[in-house]
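Chemist: The structure under discussion is supplied below as structure tokens; questions concerning it will follow.
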Amino acid sequence: MMLVNRKRGEIVANLGGKDRCLCLTLGALARLESAFAVSDLAALGERFSSGRLSARDLMVIIHAGLEGGGHTFALDDVAEMQVDGGIAGYAAIVSDLLAATFGEAGADG
């Protein structure tokens, strides 16, 4: 099992049959601000907390996490990666990544 540091916002996700480290670094977050046309991190957090994410949104977030984790996949490559659990599996990865990045719900206030 791959070791990651959740305090740095890292998670492990099985994508395409391989465990991979995902992390939303500052650069990855800046790219997400641009991709989602928001002005700051607060607006990005609000966008994500709406609970209304499209399949493309999930793909873009996972791609940013992979880049932040040191992987160099094209967005089209991410679109083809299989995940256990189908769409629910992709949503679980994004939820875990966002919780690691923005803080666990209920943790320390």
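The values are calculated or read from the model by the stated rules, or taken from the named source; none is laboratory data. The shown structure was predicted, so the numbers you read here are calculated from the model rather than taken from an experiment. No Cβ is skipped: glycine too gets one built from the backbone with ideal geometry, and neighbour counts run over all protein chains shown. Surface accessibility is based on the protein's heavy atoms, side chains included, excluding ligands, DNA and RNA. Shrake-Rupley method; radii C 1.70, N 1.55, O 1.52, S 1.80 Å.
Chemist: If you scan region 61-95, which residues turn out to be open to solvent by 40 Å² or more (accessible area, probe 1.4 Å) and either on the phi > 0 side of the Ramachandran plot or part of a loop (DSSP other than H, G, I, E, B) (or both)?
Modeler: Within region 61-95, G70, H71, T72, F73, A74, Q82, D84, G85 meet the criteria.
Chemist: Moving on. Among the residues of region 1-13, write down those that are open to solvent by less than 50 Å² (accessible area, probe 1.4 Å) and in contact with a helix residue (DSSP H, G or I) (Cβ under 7 Å, 6 or more places away or on another chain).
Modeler: G9, E10, I11, A13
Chemist: Out of all the residues in region 34-45, which are under 18 Å from D96 (Cα atoms) and either modelled with pLDDT of 90 or more or assigned to a loop (DSSP other than H, G, I, E, B) (or both)?
Modeler: L41, L44
Chemist: Then there's this: Against the condition open to solvent by less than 20 Å² (accessible area, probe 1.4 Å) and either assigned to a helix (DSSP H, G or I) or not hydroxyl-bearing (S, T, Y) (or both), how does L98 come out, does it pass?
Modeler: no
To keep it simple, each residue is scored yes or no on (1) over 13 Å from Y90 (Cβ atoms); (2) open to solvent by 30 Å² or more (accessible area, probe 1.4 Å).
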position	(1), (2)
L15	no, no
C21	yes, no
L26	yes, yes
R31	yes, yes
S34	yes, yes
E46	yes, yes
G51	yes, yes
M59	no, yes
